[in-house]
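Reviewing the structure listed below.
The values are calculated or read from the model by the stated rules, or taken from the named source; none is laboratory data. It should be emphasised that the depicted structure is a prediction, and the values quoted were computed from it without experimental measurement. No Cβ is skipped: glycine too gets one built from the backbone with ideal geometry, and neighbour counts run over all protein chains shown. Heads up: the accessible areas ignore ligands, DNA and RNA and are worked out on the full protein's heavy atoms, side chains in. Shrake-Rupley method; radii C 1.70, N 1.55, O 1.52, S 1.80 Å.
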Amino acid sequence: MKNLWRVLPFSLILLLLAGCGKQNLTALDPRGPVAEMQYSLIILSLLIMIFVIVVVAAIYIYVLIRFREKPGDNHIPKQVEGNKNLEIIWTAIPIVLLLILAVPNVMDTFTLAETEPDEDSLVIEVTGHQFWWEFEYPDLGITAGQDVYIPTDTRIIFDLEASDVIHSFWVPALAGKQDNVPGITNSLWLEAPEEGVYQGKCTELCGESHWLMDFKVIAVDPDTFEAWAQGMAEPEAELSEPTGDVAAEGREVYEENCLSCHAVGGEGGNPQGGPDLTNFAEREVIAGFIEWDAEDGDALENWIREPQDYKPGNNMPAFGHEAIDEDEMDSLLEYLDTLRVLDSE
Ligand code: CUA
């Protein structure tokens, strides 16, 4: 118990800080119409609850003081039974409060459930895997892993599925969460008026590395989105014509070791495999959470060599020195650094 009191203040501070970190993983700083709608519901419920607590506590304290037993006063107060006025008041007030809470809640719930696509909306199929995210754009014929690019000011409809166990899709700055369930398609919609990178997370306990199942929603202006989608649709050969000999060699290493699980430019991969790597070098993190720098390949090499050390329980096998020797690794890293669709110039 003593420890609890020592730890509690720090936990609270951490909780507060978690809300204002660089990754905007908070529902309290809404950045789109859906998140704003949900935020106002949170505030409305909070205000009503505070109002109830304040009024009840005030009456309680008043009664405690006003009617307490006074020294020497032994008379029994007047006994009453029932009071119509009081009973009407304490029935009516909660009904009114519940109505104030219920009407906007029900209305917004219907608005949020409207996930039928119209001609201006963009549909993205999201599949949760242990422990990464796959984003398929059926109308554009492209698939992306980990980072989901969306155009600003566009109604985006996410159709959520899962390949193995239940996951849950959550981008708190843009929208509330929804489960990815194997065999069922749940949908949610959102819109991002501002460009930016919005942190997403899996919020359903889905295995050993559930807490590392992060992704990013990257909202860009419609022109950039168009360019990105075109780049993603390029066949591998045209996409990343490796410039140096080293990178060309790296591509062979890639084809031998990685291509059966990780597609690039629509080539390779398999349904049980790992994320598409077409724009790999443009990601800020490896495996959804490991900070890296394309210049310095150490983080990436460590990940390829011992993926289980970083993300226990994931499906990627370790590539030791027998599989990929030091030189091959260097060329592979160089090749991976060419996998860009936006800033390839
Ligand atoms: Cu997927 Cu937690």
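Odds and ends about this structure:
- Listed by first and then second residue, the pairs with beta-carbon distance under 9 Å, at least 6 apart or on different chains, first residue in region 152-167 and in the same structural domain as THR203 (by TED's automatic domain parsing) and assigned to a loop (DSSP other than H, G, I, E, B), second within 12 Å of the ligand (Cβ to nearest atom) and of a type in the set (Gly, Ala, Ser), are SER163/GLY128; ASP164/GLY128; ASP164/GLY207; VAL165/GLY128; VAL165/GLY207; ILE166/GLY128.
Here's the yes/no breakdown for (1) of a type in the set (A, V, I, L, M); (2) open to solvent by 30 Å² or more (accessible area, probe 1.4 Å); (3) over 24 Å from CYS261 (Cβ atoms):
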site: ASP118; (1), (2), (3): no, yes, yes
site: GLU125; (1), (2), (3): no, yes, no
site: LEU190; (1), (2), (3): yes, no, yes
site: VAL197; (1), (2), (3): yes, yes, yes
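- Residue in region 183-239 that is nearest to the chain's Cα centre (by Cα), counting only those that are aromatic (Phe, Trp, Tyr) and under 19 Å from PHE131 (Cα atoms): PHE215
- If the condition is being surrounded by 10 or more Cβ atoms within 10 Å (Cβ to Cβ) and of a type in the set (S, T, N, Q), then region 32-82 contributes GLN38, SER40, SER45.
- Residues being open to solvent by 30 Å² or more (accessible area, probe 1.4 Å), charged (D, E, K, R) and part of a loop (DSSP other than H, G, I, E, B) are entirely absent from region 127-135.
- All of LEU259, LEU205 fail the test of being within 16 Å of the ligand (Cβ to nearest atom), free of Cβ contacts under 8 Å to residues at least 12 places away in the same chain and of a type in the set (A, V, I, L, M), apart from LEU205.
- Just one of the numbered conditions (1) at pLDDT 95 or above; (2) more than 14 Å from the ligand (Cβ to nearest atom) is not true of GLY176: (1).
- The criterion of being surrounded by fewer than 22 Cβ atoms within 10 Å (Cβ to Cβ) and among the polar types (S, T, N, Q) does not hold for GLN146.
- Selection status of GLY200, within 16 Å of the ligand (Cβ to nearest atom) and in a strand (DSSP E or B): yes
- Region 307-345, residues that are surrounded by fewer than 17 Cβ atoms within 10 Å (Cβ to Cβ), in contact (Cβ under 8 Å) with a residue 60 or more places away in the chain, in contact with an Asp or Glu (Cβ under 8 Å, 6 or more places away or on another chain) and assigned by TED's automatic domain parsing to the domain that holds ASP276: PRO312, GLY313
- Hey, PHE131 modelled with pLDDT under 95 and among the aromatic types (Phe, Trp, Tyr) or not: yes
- Those residues of region 149-173 which are open to solvent by 10 Å² or more (accessible area, probe 1.4 Å), within 19 Å of ILE218 (Cβ to Cβ) and within 16 Å of the ligand (Cβ to nearest atom), in sequence order: TRP170
- Residue in region 266-279 that is in contact with a Lys or Arg (Cβ under 8 Å, 6 or more places away or on another chain) and surrounded by fewer than 20 Cβ atoms within 10 Å (Cβ to Cβ) present: no
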